[in-house]
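Readers should treat all values here as calculations from the given coordinates under stated rules, not as data from a laboratory. Computed from a predicted model, the values in this text were never measured in an experiment. Every residue, glycine as well, gets a Cβ built from its backbone with ideal geometry; the counts of neighbours run over all protein chains shown.
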Amino acid sequence: MAPEHLSNGKQPVWDLPVRLVHWTLAGLIAFSWWSVHNHHTDWHIWSGCAILTLLIFRLLWGFVGSSTARFSSFVRGPGAVRDYLRGRWSGIGHTPLGALSVLALFGAVAVQVSLGLVSEDEDGIYTGPLSGLVSITTSDKARDIHELWFNVILGLVALHVAAIIFYRLRGRHLTKPMITGRAMIHPGAQPMRPGKWWVALICLAVSIAIVRWIVAGAPPFGHWTPPS
Amino acid sequence: MRIAPIAFAFSALLLSACGGPETSQGNNSQANISTDSHSPATANASGATNSMVMLAAAPPKDLALKIMHDRHEAMEGLGKAMKALHRELESGKPDITVVRAQTATMASTAAKIPSLFPAGTGPEVGKTRAKPEIWKQQDVFVRKARDFQAAAQAIDAAAKSGDLNQVMASHDSLDKACKSCHDPFRAPEH
């Protein structure tokens with residue numbers, strides 16, 4: 001790819017909320033794995049609740065956030081993916097193919113969090129906030145799937161990292177823009193339209209409120225006492 | 001030379017467990033072990049010397065596997081009682097009879113734990129999550145088992161007295177006793 005094609009100076013492509021969600025999520029997934037393997041099931045549960053907050057926030061921000069954060073800008077049909085693979089795509093943000101990876105990752109993490117919410121540990125010491133809404137058998141089953149499902153997340157993360165390395169070998173840096181928020185963009189590409197900071201705060205408040213309600217066991221349907 | 005006092009303490013505990021009230025309750029898995037004439041539990045009853053021999057010499061493989069199976073069942077039963085108790089206490093309107101059934105299971109099973117881990121029933125014999133550390137640090141293991149037994153008896157006593165607040169208060173130390181033994185002495189599931 002000719003360098004002059006991209007030499008338009010670095011432009012914003014990812015807003016702060018998108019970058020924060022990305023790196024916090026990566027850190028919390030690693031922490032969730034570490035904590036549950038080191039007898040810190042209580043930390044594992046809180047980590048899952050934090051991930052749930054991120055997921056809800058990101059979902060809301062996907063409707064009212066910056067242009068590259070919005071699902072409407074990056075969720076495309078198979079036709080767009082085909083065009084992209086043939087080199088006929090010059091937008092900013094998630095590529096039509098990368099968008100599939102984003103949806104798969106967020107979807108897999110959402111499944112994992114949902115399973116964790118209704119799970120219970122094998123000793124009956126730790127329970128997920130919503131485990132009281134289902135039977136003991138269901139909680140045990142959910143925990144089994146929760147353990148297996150982690151492999152799905154691992155696979156998607158591996159694919160994600162492999163794709164980054166693949167693009168890197170072809171001369172495109174994807175990691176740095178996710179840190180700085182800026183990247184070279186095609187001269188003809190639409191620049192990113194940023195979101196409003198107070199809208200981000202409202203999204204954050206709403207996601208915290210929802211998780212707060214879930215952490216109480218989703219009253220009046222249930223009741224949950226956090227691990228002491 | 002350090003093994004002698006440990007072995008003695010362990011066999012003394014085995015004896016006390018055998019002589020305890022749980023034997024008279026005729027609980028299933030206890031009965032399983034006792035009906036076997038080669039079982040360490042029966043051997044123990046005949047005296048401290050025998051039980052020390054039992055600890056020094058590993059049981060034959062078929063008996064070891066049987067003990068391990070009974071142990072698995074006992075621990076699983078304990079887990080089920082823990083879960084049922086947790087649900088009941090979280091339900092908002094705990095039924096004392098349900099609570100009592102769980103704590104009774106816990107107290108009787110907890111008393112059996114030391115006798116369910118004779119030497120020669122570790123991962124070298126068959127599939128088990130019991131770590132070799134149980135027998136390397138037997139004094140620590142036995143102390144933790146005893147702590148758990150005390151916690152289980154406390155919550156059972158609270159349940160028997162019908163004091164739900166006391167049951168709630170004892171629940172936390174019961175959880176901690178489970179965890180403090182599982183963390184160092186139980187291997188991960190996979």
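Taking a threshold of 30 Å on the Cα-Cα distance, which of the pairs B:83/B:112; B:127/B:160; B:66/B:93 fall above it?
B:127/B:160; B:66/B:93
Kindly identify segment A:128-194 as rounded, prolate or oblate by the Cα gyration tensor criterion: order the square roots of the eigenvalues as a ≥ b ≥ c, call it rounded if a/c is under 1.5, otherwise compare a/b with b/c, prolate if a/b is larger, else oblate.
On the way: a/c = 4.92, a/b = 2.35, b/c = 2.09.
Prolate, because a/c is 1.5 or more and a/b exceeds b/c.
As an exercise, use a Förster radius of 41 Å and the Cβ-Cβ distance of residue B:65 and residue A:186 to find the FRET efficiency, rounded to the nearest 0.05. Walk me through the intermediate numbers first.
On the way: r = 69 Å, r/R0 = 1.68.
After rounding to 0.05, the efficiency reads 0.05.
Taking R0 as 51 Å, what's the FRET efficiency between residue A:193 and residue B:189 from their Cβ-Cβ distance, rounded to 0.05? Walk me through the intermediate numbers first.
On the way: r = 49 Å, r/R0 = 0.97.
With a Förster radius of 51 Å, E is 0.55.
Under the rule of at least 5 residues apart or a separate chain, name every residue whose amide H is placed under 5 Å from the amide H of residue A:183.
For residue A:183, the qualifying residues are A:11, A:13.
What is the angle, in °, between the Cα long axis of helix A:41-64 and the longest principal axis of the Cα atoms in chain A? Nearest 10 is fine, range 0 to 90.
Between the helix axis and the principal axis of chain A, the angle is about 40 degrees.
Which of rounded, prolate, oblate describes segment B:117-190, given a ≥ b ≥ c as roots of the alpha-carbon gyration tensor eigenvalues and a/c under 1.5 marking rounded, otherwise prolate only if a/b is larger than b/c? Present the calculation step by step, with values, prior to reporting the outcome.
Values: a/c = 2.96, a/b = 2.47, b/c = 1.20.
Because a/c hits 1.5 or more and a/b exceeds b/c, segment B:117-190 counts as prolate.
Give me A:55, A:103 sorted ascending by neighbouring Cβ count inside 10 Å, so fewest comes first. It would help to have the intermediate numbers written out before the result.
Working: A:55 21, A:103 14.
Taking fewest neighbouring Cβ atoms as first place, the list is A:103, A:55.
Taking the 0 to 90 degree range and rounding to the nearest ten, how far is the long axis of helix A:136-169 tilted relative to the main principal axis of chain A, both from C-alpha atoms?
20 degrees
Calculate how steeply helix A:16-37 sits against the longest principal axis of the alpha-carbon atoms of chain A, using the helix alpha-carbon long axis, and give the answer as 0 to 90 degrees to the nearest 10.
Tilt of helix A:16-37: around 40 degrees.
What nm distance separates the two modelled labels at residue A:22 and residue A:138, each placed 7 Å from Cα along Cα→Cβ?
Label at residue A:22, label at residue A:138, 3.8 nm between them.
Where a ≥ b ≥ c are the square roots of the eigenvalues of the C-alpha gyration tensor, would you call segment A:13-215 rounded, which needs a/c under 1.5, or, failing that, prolate if a/b is larger than b/c, or oblate? Each step should come with its number before you reach the end.
Values: a/c = 2.29, a/b = 1.75, b/c = 1.31.
Judged from the Cα gyration tensor, segment A:13-215 comes out prolate (a/c at least 1.5, a/b above b/c).
Hey, what did segment A:13-215 get for relative contact order, percent, Cα under 8 Å, at least 6 apart? The partial results should precede the final answer.
Details: 215 pairs, mean separation 61.8, N = 203.
Here the relative contact order equals 30 percent.
Could you list A:84, A:167, A:126 in order of exposure, starting from the residue whose Cβ has the fewest other Cβ atoms within 10 Å? Don't skip to the end; give the middle numbers.
Values: A:84 18, A:167 15, A:126 21.
Ordered from fewest to most neighbouring Cβ atoms within 10 Å, A:84, A:167, A:126 come out as A:167, A:84, A:126.
Using a Förster distance of 30 angstrom, determine the FRET efficiency expected from the C-beta separation of residue A:201 and residue A:174, and round it to 0.05.
Details: r = 28 Å, r/R0 = 0.94.
Result of the calculation: an efficiency of 0.60.
Residues of segment B:132-160 with the amide nitrogen closer than 16 Å to a label point 7 Å from the Cα of residue B:58, along Cα-to-Cβ, please.
B:132-137
What residues from segment A:214-228 fall in the zone where the backbone N is under 16 Å from a label point 7 Å along the Cα-to-C-beta line of residue B:93?
Flagged as within label range: A:220-223.
Can you put B:133, A:120, B:88, B:76 in order of Cβ neighbours within 10 angstrom, beginning with the fewest?
Details: B:133 15, A:120 24, B:88 20, B:76 12.
Neighbour counts put them in this order, fewest first: B:76, B:133, B:88, A:120.
Could you work out how far apart the two model spin labels at residue B:72 and residue B:133 are, taking each label as a point 7 Å from the Cα in the direction of the beta carbon, and quote it in nm?
2.3 nm
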